[in-house]
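Colleague: Here it is, the structure, as structure tokens.
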Amino acid sequence: MQNNFNKKIYNNIPAKSHIILAVSGGLDSTVLMHLCKEITSQYTISVAHINHNFHRDSKKMENFVQNLAKDNNWDFYTESINANQIDSNIESKLRDKRYKLLYNIKNEINADYIFTAHHSLDQAETIFMKILNSSGFNGLKGIREKKKHIFRPMLNFIKKDIIDYADRYNLKYLDDPTNNDEKFLRNFLRKNIFSKLHSIKPNIEKPFTSLKNRINEVNELIEYNTDNFFESDYYSHEGDLHFLQLDNFNNYPFLLKLNIIKRLCISNNQSFNKNMVEELKDFLKKGKTGSKKNLNNYVITFDRKEIVISNKQFSSFSENVIVDEEKLIENFTFKWSYEKMPKKFSKDRNTEYIDADKISSNLTIRSIKSDDYFYPLGMNGKKKVSKFLNDKKISYVDKKNTFVVCNGTEIVWVAGHQLSNNYRLSKNSKKIAKLNFYRN
């Protein structure tokens, strides 16, 4: 066991690293401390204890760990949690607070890694709990051996081997009374389920470890295919806009689709909850053109030939433009001026002539809004701008880059697309304005 432990450390932790041992004073963490005695020539060791103040022996366990650290000439650090103030989801909240305090200690003393004493039975219990909670695929990966600055060198060790090791070296440790409290799901499973499973299969941890390994292998395959997708011609991006070619994407298994979206929309240390997974599955299955799904700070949109993932905060603007002013705004230029009636009208959609007698003051050019409507030239009645663009089969990105020229609140021109019937020229038009809109 010692040799396996040493090999695990030397293969994963750089020499001369400063390691904090998270020690409760129970069997597992006491064995962790003893195993670390043999690596002190290569590493700096400190001990941290988080006092949960959850039972009457809390201070006793803190003092016990402090004395163990003193016996080994290791620096000792302690932090405290007032567990009595937590009245719901106690296990999860205590774990979060514990790790936060351990990280505080790490940062305070400039340590490199935090070691915990999780072992294979902890892994089996965790996976079982994830199954009971209907966790997604990522949850079934269980406890990770290494996650950023957290390392769990005993994760593959069997509980029986840990007990035998403690007996062999006559190690003294304290039993945490809360381990007998069956209101905690983990304790209930350990005492009522895993104890019975052990009688049937003594090494019950092994099949759970095998399951975790198979899940990790599947995850590696998903990650490999995700990498290939982002390097392929089926994916492209322009700034915060991401384009997934629809015909190709639809052929992928759902877990691969989910991982691609995860890469784009959430950070590495997060995952989708159960409800979001089901919502995404339903959304992707329907795949209706124009349908949208909000996800964190992103919007997923089905366009005709691609899925577009964009930041929610799509840039919008509104600018007043005085006559003869050439307004340069990001990727386009707009100008309007008074002109004589042209002898011949251009077919260029970026140029329009309007009846300027109907202009009250300056014109405004702005982004389109969801409730915009206008009176398209040659049509009876009004029409929403979004419906007009959809009917013209304008892509999602082009719609986001479509602008309207307004006289006050009334739309004069959907720039580059269609003039309003209300501003068309007639034989009675006396004052004429020329509008120019060009992409830079």
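Read-outs: derived from the displayed coordinates by stated rules, not from any lab. Nothing here was measured: the structure is a model prediction, and the numbers come from that model. So basically every Cβ, Gly included, is an ideal-geometry build from the backbone, and we count neighbours across all protein chains shown.
Colleague: How big is the dipole moment of the chain about its Cα centre under a simple scheme where the beta carbon of each Lys and Arg is +1, that of each Asp and Glu is -1, and everything else is neutral? Debye, nearest 20, please. Please report the intermediate quantities before stating the final value.
Modeller: Working: 71 positive and 52 negative charges, 306 e Å.
Roughly 1460 debye, rounded to the nearest 20.
Colleague: At what distance in angstrom do the alpha carbon centres of region 138-216 and region 22-85 lie from each other?
Modeller: 19
Colleague: Relative to the longest principal axis of the C-alpha atoms of the chain, give the angle of the C-alpha long axis of helix 120-132, reported between 0 and 90° and rounded to the nearest 10°.
Modeller: Roughly 40 degrees, rounded to the nearest 10.
Colleague: Right, another one. Tell me the label-point distance for the pair Asn187, Asn67, using the 7 Å Cα-to-Cβ offset, in nm and rounded to one decimal.
Modeller: Using points 7 Å along Cα→Cβ, the separation is 2.4 nm.
Colleague: So who's got an amide H within less than 5 Å of the one on Phe76, skipping anything under 5 residues away but keeping other chains? H placed 1.01 Å off N, in plane.
Modeller: It is Val47, by chain and number.
Colleague: Full-extension gain between Phe254 and Lys196, please, as 0.36 nm times their residue separation minus the C-alpha to C-alpha distance.
Modeller: Numbers: separation 58, 0.36 × 58 = 20.88 nm, distance 3.68 nm.
Difference between extended and current length: 17.2 nm.
Colleague: Assuming R0 = 45 Å, can you tell me the calculated FRET efficiency for the pair Asp247 and Thr351, based on Cβ-Cβ distance, to the nearest 0.05?
Modeller: 0.75
Colleague: Continuing with the same structure: P(r) for region 232-311, please, calculated from all Cα pair distances in 5 Å bins and given in %.
Modeller: 3, 14, 29, 31, 18, 5, 0
Colleague: Which of the chymotrypsin sites (Phe, Trp or Tyr not before Pro) found in region 299-398 are loop residues per DSSP with 10 or fewer other Cβ atoms within 10 Å of their Cβ? Intermediate results must be reported in sequence, preceding the final value.
Modeller: Values: sites: Phe302, Phe314, Phe317, Phe332, Phe334, Trp336, Tyr338, Phe345, Tyr353, Tyr373, Phe374, Phe388, Tyr396; in loops: Phe314, Phe317, Phe345.
Here the chymotrypsin sites (Phe, Trp or Tyr not before Pro) that fit, given the DSSP loop and packing criteria, are Phe317.
Colleague: Just grab the label-to-label distance for Ser426 and Asn219, each label 7 Å out from Cα along the Cβ direction, in nm (one decimal).
Modeller: Taking the simple label geometry, Ser426 and Asn219 are separated by 7.1 nm.
Colleague: May I ask which residue of Ser310, Phe194, Asn294 lies farthest towards the positive end of the charge dipole of region 189-318, with charges of +1 (Lys, Arg) and -1 (Asp, Glu) on Cβ and the Cα centre as origin?
Modeller: With unit charges placed on the Cβ atoms, the residue in question is Phe194.
Colleague: Could you tell me which trypsin sites (Lys or Arg not before Pro) in region 361-423 are loop residues by DSSP with no more than 15 other beta carbons within 10 angstrom of their beta carbon? Don't skip to the end; give the middle numbers.
Modeller: Numbers: sites: Arg366, Lys369, Lys382, Lys383, Lys384, Lys387, Lys392, Lys393, Lys399, Lys400; in loops: Lys369, Lys382, Lys392, Lys393.
Sparse-neighbourhood loop trypsin sites (Lys or Arg not before Pro): Lys369, Lys382, Lys392, Lys393.
Colleague: Roughly what would the spin-label model give for Asn297 and Ser41, points 7 Å off Cα along C-beta, in nm?
Modeller: 5.0
Colleague: Can I ask one more? For the chain, divide the Cα radius of gyration by the Kirkwood radius and give the resulting Rg/Rh value with two decimals. Spell out each step's value before the answer.
Modeller: On the way: Rg = 32.8 Å, Rh = 27.5 Å.
Taking Rg over the Kirkwood Rh, I get 1.20.
Colleague: Something else: Of the DSSP beta bridges with both residues in the chain, give the percent that are antiparallel, rounding to the nearest 5. All intermediate terms of the calculation are to be shown ahead of the outcome.
Modeller: Working: 53 of 69 bridges.
Within the chain, antiparallel bridges account for around 75 percent of the total.
Colleague: Relative contact order (percent) for region 284-440, with alpha-carbon contacts under 8 angstrom and 6 or more residues of separation? Intermediate results must be reported in sequence, preceding the final value.
Modeller: On the way: 275 pairs, mean separation 44.0, N = 157.
28 percent.
Colleague: Right, something else. Write out the trypsin sites (Lys or Arg not before Pro) in region 1-60 meeting two conditions: DSSP loop, and at most 10 other Cβ atoms within 10 Å of their Cβ.
Modeller: Numbers: sites: Lys7, Lys8, Lys16, Lys37, Arg56, Lys59, Lys60; in loops: Lys16, Arg56.
Loop-located and lightly packed - Lys16, Arg56.
Colleague: Right, here's the next one. Please give the FRET efficiency for Tyr103 paired with Lys327, using the beta carbon to beta carbon distance and R0 = 56 Å, rounded to the nearest 0.05.
Modeller: Details: r = 51 Å, r/R0 = 0.91.
Computed FRET efficiency for Tyr103 and Lys327 comes out at 0.65.
Colleague: Give me the percent of Cα-Cα pairs in region 280-388 that sit more than 22 Å apart, rounded to a whole number. Before the final figure, lay out each step's value.
Modeller: On the way: 3230 of 5886 pairs.
Value for region 280-388: 55 percent of Cα pairs lie more than 22 Å apart.
Colleague: Work from the charge dipole of the chain (Cβ charges, +1 for Lys and Arg, -1 for Asp and Glu, about the Cα centre) and give the residue of Asn428, Asn213, Asn401 farthest towards its positive end.
Modeller: Selected residue: Asn428.
Colleague: Among Asn73, Leu132, Asn104, flag the residue with its Cα farthest along the positive direction of the charge dipole of region 2-209, charges on Cβ as +1 for Lys/Arg and -1 for Asp/Glu.
Modeller: Value computed over the given set: Leu132.
Colleague: Which value, in debye to the nearest 20, describes the size of the charge dipole of region 232-311 about its Cα centre when Lys and Arg Cβ atoms bear +1, Asp and Glu Cβ atoms bear -1, and nothing else is charged? Please list the in-between numbers first.
Modeller: Details: 12 positive and 9 negative charges, 65 e Å.
Dipole about the Cα centre, nearest 20: 320 debye.
Colleague: Also, quick follow-up: Amide H of Glu339 versus every other amide H placed in the peptide plane: which residues, excluding those fewer than 5 positions away on the same chain, fall under 5 Å?
Modeller: Sorted by chain and number, the residues that satisfy this are Ile432, Ala433, Lys434.
Colleague: Which three lengths, in whole Å and largest first, does region 1-96 cover when its Cα atoms are put on their principal axes?
Modeller: Dimensions of region 1-96 along the principal axes of its Cα atoms: 42, 27, 22 Å.
Colleague: If you don't mind, another one. If each residue's Cβ is checked for other Cβ atoms within 10 Å, how do Tyr10, Tyr224 rank with the fewest at the top?
Modeller: Details: Tyr10 13, Tyr224 10.
Listing Tyr10, Tyr224 from fewest to most nearby Cβ atoms yields Tyr224, Tyr10.
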